[in-house]
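> The structure under discussion is supplied below as structure tokens; questions concerning it will follow.
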Amino acid sequence: MHSSHLLLEEPIRMASILEPSKASFFPAMTKIVGTLGPKSRSVEVISGCLTAGMSVARFDFSLGDPEYHRETLENLKTAIKSTKKLCAVMLDTVGAELQVVNKIEKTISLLADGHVVLTPDLQQEASSEILPINFDGLAKAVKKGDTIFVGQYLFTGSETTSVWLEVAEVKGEDVVCVIKNSATLAGSLFTLHASQIHIDLPTLSDKDKEVISTWGVQNKIDFLSLSYTRHAEDVRQAREFLSKLGDLSQTQIFAKIENVEGLTHFDEILQEADGIILSRGNLGIDLPPEKVFLFQKAALYKCNMAGKPAVVTRVVDSMTDNLRPTRAEATDVANAVLDGSDAILLGAETLRGLYPIETISTVGRICAEAEKVFNQDLYFKRTVKYVGEPMTHLESIASSAVRAAIKVKASVIICFTSSGRAARLIAKYRPTMPAISVVIPRLKTNQLKWSFTGAFEARQSLIVRGLFPLLADPRHPAESTSATNESILKVALDHGKAAGVIKSHDRVVVCQKVGDASVVKIIELED
């Protein structure tokens, strides 16, 4: 593992710290994934979230049924039309999640030093003495002294809404635990996390498969967030399952790393997955707290070098109930950006938080500030060195485009791409200016009908740092004489001007294919 220098520009002028933050069309290069739920599913709130900078909407199937999520998605579509902001859809599976079932939803109080029994008998009602769970193998998996956490949203460590249990004894299928802290559990479902213990449940459950093959197919999901990914095989199996579901063969799989098992197999999982989500809430339980930062830096470095998006979760928990994050949280968001994250994922903060829109705009502002001092030069050198020589054709073009753009102080890079690969490679070198990926639709046929591809590729760049997609008009072919390309280029330039990132006399770097050759050119705009 390479030593991870903090990618921070030196030196920082104190005066720049006091300058007001300038808002622009691209509030930040780092993307924000927002989880839609009870407090964020109306057209009005979703529109506010999109305007504030959310570019991916996450649908968490641990909560709510497909009909509930269908209504939310309809509202999202309406909000996209009215705000004209693109947004991708991420389906988050339940996976091997252990849950305490509280059918009658009564509030349960647990007192420190008392005892509570975890039982697989779902006929029992949840109370302060007994908690029924959805898994009958817990008694076989744990032993005396093991640690178990239960809470509605896993655990910031300071809250009284989650409880820390220690296994006292195993009685048949029941597990008797000592309560380590007083807590109050409220709601119908709580997550149960057994620290550093292998849970023998499939990563893609039957319920997940049913949701993906119905709701997922109907809504052409862009991303599948694969909860509790523990091995590369989990990703391969999910990929095989998606490949048989028509359009979903284009869905990208993001492996969610939530426990030590996933960490142990991180390198092979990264090879198979399209991106990684570091689920720091759960990881913070499986790992000693002092190790979490180290894992984050190592994992983000590996994702960056592989050119695959990395998403960090659990950043501003306190904004679930407050208008401002703590100082530590604000610093944490900035450090995630300096460590190389592509996106920040908000869970409880937008799902049930009181201030979903303010949370997104606050996180966006912090990201934008951190990006200003991101040491692109050091990052670029490190990436080129890691890739080594000889470079592939595309890699060399992408790195050259970014280097040229920085040398001529271009205001934007425009990349023509049909598969999205060229644009993702440009983003891999972390240009300091936005990259507009102009996705050229391709015509394809399944022998029965013709259809255009491109919408998936455009939306999937909404999770990549610095990439902003534009779907070109399919009537203009991509790899043709320069004349038609010029007209697509004009559309892209007009888009940049309207967005306020391109002004007259700016320089723009364009990356495109002409025939069999890839070309990087620098354009100086007259007016």
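> Among the basic types (Lys, Arg) and closer than 20 Å to residue 88 by Cα: which single residue out of 421, 382, 403 fits that description? Please lay out each step first, then the result.
On the way: 382 fails: closer than 20 Å to residue 88 by Cα; 403 fails: closer than 20 Å to residue 88 by Cα.
Exactly one of 421, 382, 403 is among the basic types (Lys, Arg) and closer than 20 Å to residue 88 by Cα, namely 421.
> Restricting to segment 448-495, what's the tally of residues that are more than 22 Å from residue 433 (Cα to Cα), at pLDDT 65 or above, open to solvent by less than 40 Å² (accessible area, probe 1.4 Å) and aliphatic (A, V, I, L, M)?
Residues meeting the conditions: 0.
> Out of segment 437-467, which residues are charged (D, E, K, R) and either in contact with a strand residue (DSSP E or B) (Cβ under 9 Å, 6 or more places away or on another chain) or closer than 21 Å to residue 53 by Cβ (or both)? Explain how you work it out, then say what you get.
From segment 437-467, those charged (D, E, K, R) are 442, 444, 449, 457, 459, 465; that's our starting set.
Within segment 437-467, 442, 444, 457, 459, 465 qualify.
> Within segment 439-450, identify whether any single residue is in a helix (DSSP H, G or I) and more than 30 Å from residue 329 (Cβ to Cβ), and answer yes or no.
In the first step, residues of segment 439-450 are kept if they are in a helix (DSSP H, G or I); the result is none.
So far as segment 439-450 goes, no, none of its residues is in a helix (DSSP H, G or I) and more than 30 Å from residue 329 (Cβ to Cβ).
> Looking at segment 495-511, which of the residues that are touching a helix residue (DSSP H, G or I) at 6+ places or on another chain (Cβ under 6 Å) and part of a strand (DSSP E or B) is nearest to residue 469 (Cα to Cα)?
First, the residues of segment 495-511 that are touching a helix residue (DSSP H, G or I) at 6+ places or on another chain (Cβ under 6 Å): 502, 509, 511.
Cutting the leftovers down to part of a strand (DSSP E or B) gives us 509, 511.
Details: 509: 16, 511: 14 Å.
Among those residues, the one meeting the criterion is 511.
> Looking only at segment 212-223, which residues are surrounded by fewer than 19 Cβ atoms within 10 Å (Cβ to Cβ) and assigned to a helix (DSSP H, G or I)?
Matches in segment 212-223: 213, 214, 217, 218.
> Further question on the same structure: Residue check, residue 184 against (1) of a type in the set (S, T, N, Q); (2) open to solvent by 30 Å² or more (accessible area, probe 1.4 Å); (3) in a loop (DSSP other than H, G, I, E, B), all met but one. Which one?
(3)
> Ok, one more. Return a yes/no flag: does segment 440-458 have any residue that is of a type in the set (Phe, Trp, Tyr) and out of contact with any helix residue (DSSP H, G or I) (no Cβ under 7 Å at 6 or more places or on another chain).
Step one: of segment 440-458, the residues of a type in the set (Phe, Trp, Tyr) are 450, 452, 456.
If we keep only those that are out of contact with any helix residue (DSSP H, G or I) (no Cβ under 7 Å at 6 or more places or on another chain) as well, we get 450, 452.
The answer is yes; a qualifying residue exists.
> Additional query: Name the helices (runs of 4 or more DSSP H) wholly within segment 249-331 that hold at least 1 residues that are among the β-branched types (Val, Ile, Thr), free of Cβ contacts under 8 Å to residues at least 24 places away in the same chain and at negative phi?
Details: elements: 260-264, 266-272, 280-286, 289-306.
Helices (runs of 4 or more DSSP H) meeting the threshold: 260-264, 289-306.
> Look at residue 286 and say whether it is modelled with pLDDT under 95 and either crowded, with 17+ Cβ neighbours inside 10 Å or among the polar types (S, T, N, Q) (or both). Write out each step before concluding.
Details: modelled with pLDDT under 95: yes; either crowded, with 17+ Cβ neighbours inside 10 Å or among the polar types (S, T, N, Q) (or both): yes.
Against the criterion (modelled with pLDDT under 95 and either crowded, with 17+ Cβ neighbours inside 10 Å or among the polar types (S, T, N, Q) (or both)), residue 286 qualifies.
> Mind checking whether some residue in segment 193-203 is part of a helix (DSSP H, G or I) and surrounded by fewer than 23 Cβ atoms within 10 Å (Cβ to Cβ)? Working first, answer last.
Pass one, segment 193-203, residues part of a helix (DSSP H, G or I): none.
For segment 193-203, residues part of a helix (DSSP H, G or I) and surrounded by fewer than 23 Cβ atoms within 10 Å (Cβ to Cβ): absent.
> So for segment 254-265 (the condition being crowded, with 18+ Cβ neighbours inside 10 Å and of a type in the set (Lys, Arg)), does at least one residue qualify?
Yes, because at least one residue in segment 254-265 is crowded, with 18+ Cβ neighbours inside 10 Å and of a type in the set (Lys, Arg).
> Continuing with the same structure: Could you check segment 158-181 and list, in sequence order, the residues that are in a loop (DSSP other than H, G, I, E, B) and open to solvent by 60 Å² or more (accessible area, probe 1.4 Å)?
Of segment 158-181, the ones in a loop (DSSP other than H, G, I, E, B) are 158-161, 172-173, 180-181.
Hits for segment 158-181 are 158, 160, 161, 172, 173, 180.
> Additional query: Looking at (1) over 15 Å from residue 347 (Cα atoms); (2) part of a loop (DSSP other than H, G, I, E, B); (3) open to solvent by 20 Å² or more (accessible area, probe 1.4 Å), which is the only condition residue 38 fails?
(1)
> Within segment 92-111, can you find the residues that are surrounded by fewer than 20 Cβ atoms within 10 Å (Cβ to Cβ), within 13 Å of residue 135 (Cα to Cα) and β-branched (Val, Ile, Thr)?
101, the sole residue that qualifies.
> Still on this model: Checking residue 381 against (1) in contact (Cβ under 8 Å) with a residue 24 or more places away in the chain; (2) part of a helix (DSSP H, G or I): exactly one of these is not met. Which one?
(1)
> Could you check segment 289-316 and list, in sequence order, the residues that are at pLDDT below 90 and within 16 Å of the chain's Cα centre (by Cα)?
Matches in segment 289-316: 314 only.
> Also, I was wondering about something else. Taking segment 506-519 as the search range and keeping residues that are modelled with pLDDT under 90 and not hydroxyl-bearing (Ser, Thr, Tyr), which one is least open to solvent (accessible area, probe 1.4 Å)? Before you say what the answer is, go through the steps one by one.
In the first step, residues of segment 506-519 are kept if they are modelled with pLDDT under 90; the result is 512-519.
Retained after the next criterion (residues that are not hydroxyl-bearing (Ser, Thr, Tyr)): 512-517, 519.
On the way: 512: 15, 513: 95, 514: 67, 515: 38, 516: 150, 517: 49, 519: 51 Å².
Step by step, filter segment 506-519, then rank; the result is 512.
> Which of the residues that make up segment 120-136 are of a type in the set (A, V, I, L, M), crowded, with 17+ Cβ neighbours inside 10 Å and assigned to a loop (DSSP other than H, G, I, E, B)?
126 - this is the single residue of segment 120-136 that is of a type in the set (A, V, I, L, M), crowded, with 17+ Cβ neighbours inside 10 Å and assigned to a loop (DSSP other than H, G, I, E, B).
> Does residue 86 meet the test of being surrounded by fewer than 23 Cβ atoms within 10 Å (Cβ to Cβ), in contact (Cβ under 8 Å) with a residue 24 or more places away in the chain and either more than 17 Å from residue 221 (Cβ to Cβ) or of a type in the set (Lys, Arg) (or both)?
On the way: surrounded by fewer than 23 Cβ atoms within 10 Å (Cβ to Cβ): yes; in contact (Cβ under 8 Å) with a residue 24 or more places away in the chain: yes; either more than 17 Å from residue 221 (Cβ to Cβ) or of a type in the set (Lys, Arg) (or both): no.
In short, no.
> Something else now. I'm checking my understanding of the structure. Among residues of segment 399-438 that are in a loop (DSSP other than H, G, I, E, B) and at pLDDT below 90, which one is most open to solvent (accessible area, probe 1.4 Å)? Write out each step before concluding.
Pass one, segment 399-438, residues in a loop (DSSP other than H, G, I, E, B): 408-411, 418-420, 429-434.
Still in the running and at pLDDT below 90: 418-420.
On the way: 418: 31, 419: 51, 420: 5 Å².
Step by step, filter segment 399-438, then rank; the result is 419.
> Hey, another quick one. Out of segment 58-80, which residues are among the aliphatic types (A, V, I, L, M) and open to solvent by less than 20 Å² (accessible area, probe 1.4 Å)? Talk me through it step by step, then tell me what you get.
The first filter runs over segment 58-80 and keeps only residues among the aliphatic types (A, V, I, L, M), leaving 63, 73, 76, 79-80.
Once the filter is applied, which keeps residues that are among the aliphatic types (A, V, I, L, M) and open to solvent by less than 20 Å² (accessible area, probe 1.4 Å), segment 58-80 yields 73, 76, 79.
> A follow-up question, please. Looking at residue 80, is it in a helix (DSSP H, G or I), at pLDDT 90 or above and within 20 Å of residue 458 (Cα to Cα)?
Values: in a helix (DSSP H, G or I): yes; at pLDDT 90 or above: yes; within 20 Å of residue 458 (Cα to Cα): yes.
Considered against the rule, which asks whether it is in a helix (DSSP H, G or I), at pLDDT 90 or above and within 20 Å of residue 458 (Cα to Cα), residue 80 comes out as yes.
> Let me ask something else about it. Looking only at segment 428-439, decide whether some residue is out of contact with any Pro (no Cβ under 7 Å at 6 or more places or on another chain) and at positive phi. Can you show your working first?
Narrowing segment 428-439 to residues out of contact with any Pro (no Cβ under 7 Å at 6 or more places or on another chain): 428-436, 438.
From what's left, at positive phi: 430.
So far as segment 428-439 goes, yes, one or more of its residues are out of contact with any Pro (no Cβ under 7 Å at 6 or more places or on another chain) and at positive phi.
The values are calculated or read from the model by the stated rules, or taken from the named source; none is laboratory data. What you see is a predicted model, and the numbers here were worked out from it, not measured in a lab. When we count neighbours, we look across all protein chains shown, and the Cβ atoms used for this are built from the backbone with ideal geometry, even at glycine. Protein only, heavy atoms only, side chains kept; ligands, DNA and RNA dropped before computing areas. Shrake-Rupley method; radii C 1.70, N 1.55, O 1.52, S 1.80 Å.
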